[in-house]
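Single-structure report; data block below.
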Amino acid sequence: MHYSIKAFSLLFILVFLSCSSKDIEVHTGNALGTFYNIKYERFNIDRLKLQDGIDSIFFEINNSLSTYMPNSDISRINNGDTLLRVDNHFKKVYEKSKEIWKLTNGYFDPTVGSIVNAYGFGPEKDNIKVDTFIIDSLMDGVGMDKIKMTSDNRVLRKFPHTYIDFNAIAKGYTVDCIYDYFASLGSKNFLIEIGGEIRAKGLNPVADKKWKIGIRLPQKGNENKFIQTRNIDDHAIATSGNYNKFSIDSLTGKKYVHSINPKNGLALNSNILSVSVIAPSCIAADAFATALMVMPLNMGRKVVNENQKIEASWVISRNDDLVQIKSSGWD
């Protein structure tokens, strides 16, 4: 599955390893093309059994949403299969994507996948095929209104070149799935992170306080400095950033950033360096963080301030300085 592997996450879990009477367990590894990090207060379940459950969630979601697996649901749909009945993972992500597509005025759009591929951010990473003519020809297939799900869970595309890519929402969705898995087992204090997308419940058993998350400065050379720390409890936080995610056309030398504007198909630098979103679910935090990276700042602030369920913080460059802009309820 295509996920840009960050040199480090823009979010950092602050776990202070002080003396504690409580025991903490940690599961780490690689999945979905990135890393995962799970911390929880030890409870009455076998560690290996718990790991098996985590692995099965990754396995199911890969088989549903991975554009790197030719027999996954999403790959078969992108290759023209109109008879496939998608699983519940695909259905949930599709429905949430359509909801957030509407809430963000189309700035969150998984059907931009064909343009993602043209810029070299898809499975064929080194094969950049982009110019004005190509982008214009692909744009008519972009839009969640260009695909639909039937009553029997088949996905139909209006144009054959429409390419669905849930990269910008699947990590958050997977965090939620593992969160629900831990909660169903009776775990009270835990934190799930996949590639910097985080959702937590209860308290950090080491510090016996709410889980503390540091938001790193999105600037080369300052990766170990934080612009802010936040405590989260029964919420999710996701950060999207561009400064270390880009591709370079080997023929022209032109640099393209990872965030693509689904309104015009452009992948150009802007003064928005990163966006962090806090939401009740990680699927929402992940998707909104992606949309707010390409949405004009004033429009993004308006969208967030009108939505009582989410808050956001932007880090922008202004006159060679870094400035933090916050939604009305961020603090």
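The values are calculated or read from the model by the stated rules, or taken from the named source; none is laboratory data. Owing to the predicted nature of the structure, the values given are computational and were not obtained by experimental measurement. So basically every Cβ, Gly included, is an ideal-geometry build from the backbone, and we count neighbours across all protein chains shown.
None of VAL323, VAL294, VAL275 is surrounded by 24 or more Cβ atoms within 10 Å (Cβ to Cβ) and more than 17 Å from LYS102 (Cα to Cα) except VAL275. Out of SER151, SER75, SER114, one residue alone is closer than 23 Å to ILE194 by Cα, polar (S, T, N, Q) and more than 15 Å from the chain's Cα centre (by Cα). It is SER75.
Residues in segment 34-58 that are in contact with a strand residue (DSSP E or B) (Cβ under 9 Å, 6 or more places away or on another chain), part of a helix (DSSP H, G or I) and over 16 Å from ALA183 (Cα atoms): ASP55, PHE58.
Residue by residue through segment 85-113, note down the ones that are among the hydroxyl-bearing types (Ser, Thr, Tyr) and either free of Cβ contacts under 8 Å to residues at least 60 places away in the same chain or part of a loop (DSSP other than H, G, I, E, B) (or both).
Step one: filter segment 85-113 for residues among the hydroxyl-bearing types (Ser, Thr, Tyr), giving 94, 97, 104, 107, 111.
Matches in segment 85-113: THR104, TYR107, THR111.
The rows are residues; the columns are (1) touching a strand residue (DSSP E or B) at 6+ places or on another chain (Cβ under 8 Å); (2) touching a residue at least 24 places away in the same chain (Cβ under 8 Å).
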residue	(1), (2)
ILE147	yes, yes
THR150	yes, no
PHE166	no, yes
GLY172	yes, yes
LEU191	yes, yes
ILE215	yes, yes
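Selection of segment 45-65 for residues being surrounded by fewer than 19 Cβ atoms within 10 Å (Cβ to Cβ) and either in contact (Cβ under 8 Å) with a residue 60 or more places away in the chain or hydrophobic (A, V, I, L, M, F, W, C) (or both) yields ILE45, LEU48, GLY53, ILE57, PHE59. Entry remark, segment 146-186: residues being surrounded by fewer than 24 Cβ atoms within 10 Å (Cβ to Cβ) and in a loop (DSSP other than H, G, I, E, B) number 12 in total. Just wondering, is there one or more residues in segment 74-84 that are surrounded by 14 or more Cβ atoms within 10 Å (Cβ to Cβ), in contact with a helix residue (DSSP H, G or I) (Cβ under 7 Å, 6 or more places away or on another chain) and either touching a residue at least 24 places away in the same chain (Cβ under 8 Å) or under 23 Å from ALA279 (Cβ atoms) (or both)? Among the residues of segment 74-84, at least one is surrounded by 14 or more Cβ atoms within 10 Å (Cβ to Cβ), in contact with a helix residue (DSSP H, G or I) (Cβ under 7 Å, 6 or more places away or on another chain) and either touching a residue at least 24 places away in the same chain (Cβ under 8 Å) or under 23 Å from ALA279 (Cβ atoms) (or both), which makes the answer yes. Given the criterion at pLDDT 90 or above and surrounded by fewer than 17 Cβ atoms within 10 Å (Cβ to Cβ), identify the matching residue among GLU95, GLU41. Matching residue, one of GLU95, GLU41: GLU95. Filtered by the rule that a residue be over 24 Å from GLY122 (Cα atoms), of a type in the set (Ser, Thr, Tyr) and over 18 Å from the mean Cα position of the chain (by Cα), segment 162-185 gives TYR181, SER184. Scanning segment 89-117 for residues that are of a type in the set (Asp, Glu) and closer than 27 Å to SER56 by Cα yields a single hit, GLU95. Looking across VAL116, VAL142, one residue alone is in a helix (DSSP H, G or I) and either free of Cβ contacts under 8 Å to residues at least 12 places away in the same chain or touching a helix residue (DSSP H, G or I) at 6+ places or on another chain (Cβ under 9 Å) (or both). It is VAL116.
To keep it simple, each residue is scored yes or no on (1) closer than 30 Å to TYR163 by Cα; (2) modelled with pLDDT under 95; (3) in contact with a Ser or Thr (Cβ under 6 Å, 6 or more places away or on another chain).
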residue: ALA7; (1), (2), (3): yes, yes, no
residue: VAL15; (1), (2), (3): no, yes, no
residue: SER21; (1), (2), (3): no, yes, no
residue: GLN51; (1), (2), (3): no, no, no
residue: ASN63; (1), (2), (3): yes, no, yes
residue: SER72; (1), (2), (3): yes, no, yes
residue: ARG76; (1), (2), (3): yes, no, no
residue: ASN79; (1), (2), (3): yes, no, no
residue: ASP87; (1), (2), (3): yes, no, yes
